[in-house]
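The next block holds one structure in the form of structure tokens; read it before the comments.
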Amino acid sequence: MTDYMVTGLVKKRAELAFDIERTHERLRELVNALEHIDGTLRIVAPDMELEAIRPKAFRPPDDWAKRGQMSRLVLSILRTSKEPLTTREIAAQMLLERAMDAEDQRMLRVMTKRVGVALREQRDKGRATSVDGPGQYQLWIVS
């Protein structure tokens, strides 16, 4: 094998190992915080069943988009693009334009779903067109 390939793979492996280590550390912090809250709840409300408390789902803030703003921004991104884009690429661009963390995978997934809904609505109105892309991806262009 070539040296640059090995060097690149070693570098990528080191990055992934660091990300895993950092994720494990963050998970330990979250578990410790949850245990502290559970302990406090046992003191303050000893009759409460802690297992009955369901995790709260992530909800996007109300100010993410006003009526029609999502569609306008999606179409604007498509108009300025020189080539067709996937829904995920549009969502990542939208997060960047709104100065939000584009590296946050959870937020990117939520935004990708919202962009997909907006794109399908625009396709139904004849303003956007989807074409087959690589694999199962759809590439989007302005009609």
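Every number in this text was worked out from the coordinates using simple rules, so none of it is lab data. Since the structure is predicted, the reported quantities are computational estimates derived from the model, not experimental observations. Every residue, glycine among them, receives a Cβ derived from its backbone with ideal geometry; neighbour counts consider all protein chains shown.
Counting only residues that are small (G, A, S) and in a helix (DSSP H, G or I), the stretch 85-136 holds 4 of them.
Based on what the data block shows, is Q105 touching a strand residue (DSSP E or B) at 6+ places or on another chain (Cβ under 8 Å) and under 30 Å from D19 (Cα atoms)? No: the conditions fail for Q105.
If the condition is being of a type in the set (S, T, Y) and either surrounded by fewer than 10 Cβ atoms within 10 Å (Cβ to Cβ) or under 24 Å from D104 (Cβ atoms) (or both), then the stretch 1-42 contributes T2, Y4, T23.
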